Amino acid sequence: MLSADLHVLRDEHVAALDPLDFDRRVGDLWRMNADADAKWLVTVLRDVTPAATDVADLGTAECLAAMRDLGMVIGSVKRHGMEPLDAVPDLEKVLIILGDRTGMVPRDTVHHYIRWNPTGPRERMYTGHRMERLLMSSVRVSLPRMSAAVDLCRQLWDISPNDLSFAVVAQELVALLRSMEDAIDIAVANVTPEFFARTMRPFFEDIRVGDRRFLGPAAAHVPLALVDMALWASDHGSPEYTKFAAESAWYGLPGWRDLFDEWVAGPSVVSRLKTAIAQANGATPPHLRAGAEAVARGLRALVAFRGKHLTMARKSYAHELRLYPLGSGGGSIDLLAEIVDVTKQNATQVRRWLDQPRRAGKRRVLCES
Ligand code: HEM
């Protein structure tokens, strides 16, 4: 099966697989982490690493499950201060093959840790702590929906804002974007900044594979930055945010890097709306208005997520608490603050463009009467 077929695999199918016999061999990973038993963790990593020749016999779904399980031990070894590929050099070839076979990076990603992770007794966790489980559940609320949002942006990209289909797709998009606020509400209610900063964050540190470093399974790689590129960021974002979005797409599903390349060239959906509203010359047709209002609502939903998320991130990365200066996705608190502001500006802008012609239109009607 080609890597592009990844999209047709059911998450539950991958989650059910256990190609490295992880359930039996590594079921108590959390205990090894609690004991900070680095030597034992390296032994386990060596034991579960398959021979490169055996990886050739695995199907695509099994490759994803194998990467998921290797990733749990890799993150654990790294958390206790060792570079996993220095400790187990044979792993490098295996990771590169698994990455190639699936069209993804040669490391586990948030998709492995969340979407392809079974829930219940087989759930793979670093700590076994209830807060980790709840943090994972919060990302599970948004990750599949935001992946579906990428597909809707793909459709939106090809439709004229004057077409009724644009409004239909944009409305569906709003419902998916709202899952981000649900996700952060779960995290805020159930995960303390201390737990994130001191217990979880170290498991997401980057590792070396070949001559590059690869980040861990960060929530920052939920594909919101890619959605932003389509909606507004290609021509309204800063170079820093574009760089962050490019890197984030790299950790996504096959095809997302190509989408980034296409969308970054613009014009963004927001710019297309501006042009269409200007061309309507004060008499915005109902289809266009419906589409623009939906996009404005979608952006407002992102502002709601980002406001709460920034508060949580600021607490977790406060000087007295943090162990690292940057987030697990390689970005900073300053970057988050900037994105909140620019998302807000874009939402307000679209609303203004809609309101201005209406006022102008009303004035004209008054003059004519
Ligand atoms: C538990 C608390 C959390 C903390 C402390 C936190 C912290 C951060 C930080 C510092 C960043 C900057 C980029 C980077 O990671 O390198 C970031 C980005 C991001 N995080 Fe979180 N995060 C948390 C939970 C979540 C949750 C539950 C989600 C939901 C899926 C999420 C989604 C994102 C996204 C999409 C970004 C990219 C920037 C953006 O779109 O605004 N985070 N996070």
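The values are calculated or read from the model by the stated rules, or taken from the named source; none is laboratory data. The structure displayed is predicted, hence computed values, not measured ones. Cβ: placed from backbone, ideal geometry, glycine included. Neighbour counts: every protein chain shown.
What to note about this one:
- Index of the failed condition, Gln155 passing every other in (1) more than 15 Å from the ligand (Cβ to nearest atom); (2) in contact (Cβ under 8 Å) with a residue 24 or more places away in the chain; (3) of a type outside the set (Asp, Glu): (2)
- Pairs where the first residue, in segment 25-44, is over 21 Å from Glu123 (Cα atoms) and the second is loosely packed, with under 15 Cβ neighbours inside 10 Å, C-beta under 8 Å, 6+ apart: Ala38/Gly81
- Checked against (1) outside any helix (DSSP H, G or I); (2) over 22 Å from the mean Cα position of the chain (by Cα), Arg107 meets all criteria but (2).
- A count restricted to segment 328-355 and to residues that are surrounded by 15 or more Cβ atoms within 10 Å (Cβ to Cβ), among the hydrophobic types (A, V, I, L, M, F, W, C) and within 16 Å of the ligand (Cβ to nearest atom) stands at 7.
- Residues that are closer than 14 Å to Asp11 by Cα and either in contact with a Cys (Cβ under 7 Å, 6 or more places away or on another chain) or not in a helix (DSSP H, G or I) (or both), drawn from segment 113-148: Trp116, Asn117, Pro118, Thr119, Glu123
- Scope segment 201-214; condition out of contact with any Gly (no Cβ under 7 Å at 6 or more places or on another chain) and in a helix (DSSP H, G or I); matching residues: Arg201, Pro202
- Single residue of Leu20, Leu64 found to be assigned to a loop (DSSP other than H, G, I, E, B) and of a type in the set (A, V, I, L, M): Leu20
Residue by residue, here is whether (1) assigned by TED's automatic domain parsing to the domain that holds Met200; (2) surrounded by fewer than 21 Cβ atoms within 10 Å (Cβ to Cβ); (3) among the aliphatic types (A, V, I, L, M) holds:
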| residue | (1), (2), (3) |
| --- | --- |
| Arg31 | no, yes, no |
| Ala36 | no, yes, yes |
| Val48 | no, yes, yes |
| Asp54 | no, yes, no |
| Gly59 | no, yes, no |
| Gly75 | no, no, no |
| Lys93 | no, yes, no |
| Ile114 | no, no, yes |
| Asn117 | no, no, no |
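- Odd one out for Asp228 among (1) closer than 21 Å to Ser248 by Cβ; (2) more than 12 Å from the ligand (Cβ to nearest atom): (2)
- Qualifying residue in segment 68-91 (condition: under 23 Å from Gly255 (Cα atoms) and over 20 Å from the mean Cα position of the chain (by Cα)): no
- Which listed residue, of Arg314, Arg322, Arg306, is loosely packed, with under 15 Cβ neighbours inside 10 Å and within 30 Å of Phe203 (Cβ to Cβ): Arg314
- Residue ranges of helices (runs of 4 or more DSSP H) in segment 234-280 with at least 1 members closer than 22 Å to Gly331 by Cβ and hydroxyl-bearing (Ser, Thr, Tyr): 239-250
- Hits in segment 23-41 - residues which are of a type outside the set (A, V, I, L, M, F, W, C) and in a helix (DSSP H, G or I): Asp23, Arg24, Arg25, Arg31, Asn33, Lys39
- Some residue of segment 308-319 being touching a residue at least 12 places away in the same chain (Cβ under 8 Å), more than 9 Å from the ligand (Cβ to nearest atom) and closer than 28 Å to Ser160 by Cα: no
- Among the residues of segment 162-200, those that are in a loop (DSSP other than H, G, I, E, B) and either more than 16 Å from the ligand (Cβ to nearest atom) or of a type in the set (Val, Ile, Thr) (or both) comprise Asn162, Asp163, Val191, Thr192.
- Hey, Thr284 part of a helix (DSSP H, G or I) and not hydrophobic (A, V, I, L, M, F, W, C) or not: no
- Flag if Pro217 is outside any helix (DSSP H, G or I) and either of a type in the set (S, T, N, Q) or more than 12 Å from the chain's Cα centre (by Cα) (or both): no
- Cβ-Cβ contacts under 7 Å between residues 6 or more apart (or on different chains), taken from a first residue in segment 266-294 that is closer than 15 Å to Trp157 by Cα and in the same structural domain as Thr343 (by TED's automatic domain parsing) to a second residue that is among the hydroxyl-bearing types (Ser, Thr, Tyr) and in a helix (DSSP H, G or I), are listed as Gly266/Ser234; Ser268/Ser234.
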